[in-house]
Every structure is written in structure tokens, then in C-alpha cells.
Amino acid sequence: VYSAQAQINPRQKIDDVLESWINAGRIYGIQNSENVYNDPRMYTFANMAYAKSLRFGCAYTECGVNEAHISCVYNLM
């Protein structure tokens with residue numbers, strides 16, 4: 001969930017959220033030969049990259065003139 005208290009571009013912020021999930025994989029990487037994600041900073045990346053995660057979706061709502069909330073979720077089959 002992302003919250004902002006200023007005028008935002010929802011599409012850009014959704015892209016930013018997804019990019020932050022991917023960046024965890026780029027920044028922290030896998031540190032073991034078993035290919036196991038055991039670093040808590042990799043939590044969102046590991047769940048998104050999980051083979052059984054097939055879809056994701058994001059939504060936002062404007063909660064006033066200068067406030068918005070964005071939520072992104074992914075499925076686990």
C-alpha cells in the first residue's frame with residue numbers, strides 16, 4: 001500500500017511500486033547456491049517471482065484533493 005499527500009500521477013506511482021518490487025531482486029540478489037530467498041528484504045520480489053504467481057493488479061483511490069492510496073496485489077495459485 002502506498003499513500004501520498006500531494007498531487008500524484010497514479011499510473012507513474014503504480015509503475016514506481018512495481019519497480020520497487022523488482023529492485024529488491026536486483027539490489028539484494030540470491031546469496032546462496034540453493035536458490036532460496038531467505039533475506040527479508042527480498043520478500044515482495046520472491047513472492048512476485050514465485051512460479052505460481054500468475055497475475056497482479058493495482059488500484060488507487062483519491063481520498064481528497066491531495067491524498068491518494070495505491071494497493072497492488074498478486075495471486076498465489
Residue order, fewest to most beta carbons within 10 Å, for 44, 61: 61, 44
Hey, got the dipole for the chain? About the Cα centre, +1 on K and R Cβ, -1 on D and E Cβ, debye to the nearest 20? 180
Connecting every pair of Cα atoms under 10 Å apart in the chain and solving the GNM, the largest mean-square fluctuation among 19, 62, 34 falls on 34
Hey, if you put +1 on the Cβ of every Lys and Arg and -1 on every Asp and Glu Cβ in the chain, which of 28, 60, 49 ends up farthest toward the positive end of that dipole? 49
Mind listing the Cα extents of the chain along all three principal axes, in Å, largest one first? 50, 26, 16
Could you work out the helix-only [θ] at 222 nm for the chain, with each DSSP H run of four or more residues adding -39,500 (n - 2.57) and the total divided by the number of residues, to the nearest 500 deg cm²/dmol? -10500 deg cm²/dmol
Restricting region 17-61 to chymotrypsin sites (Phe, Trp or Tyr not before Pro) in coil, as DSSP defines it, with at most 13 other Cβ within 10 Å: 50
Cβ density ranking, 10 Å radius, fewest first, applied to 58, 63 yields 63, 58
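Read the figures in this text as sums done on the coordinates, not as results from a lab. Fair warning: this is a prediction, and the values are worked out from it, not measured in the lab. Note: ideal-geometry Cβ built from the backbone for every residue, glycine included; neighbour counts use all protein chains shown.
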